[in-house]
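Enquirer: Let me give you the structure first, and then I'll get to my questions.
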Amino acid sequence: MMREDSGHSAVSRLLAHVESGSQDGLDLLIPIVYEELRALAHRHLTREADGHSLRTTALVHEAYFKLTGHDQVTTRGRAYFFAAAARAMRQVLIDHARRRRAAAAAG
């Protein structure tokens, strides 16, 4: 029988805590998943064009802000949380690229 490791278990418990109405659940969750989110952000950034100005930590933080306030992110479990984080990171990168293009075109 396979056991869920303590990191996975803690994430699942915190997601359930958030689902039950906890306001501080995501704040408690982030320190546990931070390194996984950084690795995910790093993978996204390696696909970006050279000279990209957004850094790994900034991408993680921007994605976190996109995730807060979205109940579905926490109520659907660990896999959904990381999929939503990946989508949020992609959207941050798209928004960042659009702003850079607009600034270059204006200047």
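None of the figures in this text is laboratory data; all of them are computed from the coordinates on show. Nothing here was measured: the structure is a model prediction, and the numbers come from that model. Glycine also receives a Cβ, built like all others from the backbone with ideal geometry; neighbour counts cover every protein chain displayed.
Enquirer: Using a cut-off of under 13 Å, list every residue of the stretch 35-62 whose amide N is near the label point 7 Å from the Cα of residue 94 along the Cα-to-beta-carbon line.
Expert: none
Enquirer: Going by average Cβ neighbours within 10 Å, how do the peptides 58-65, 76-83 rank, with the highest at the top?
Expert: 58-65, 76-83
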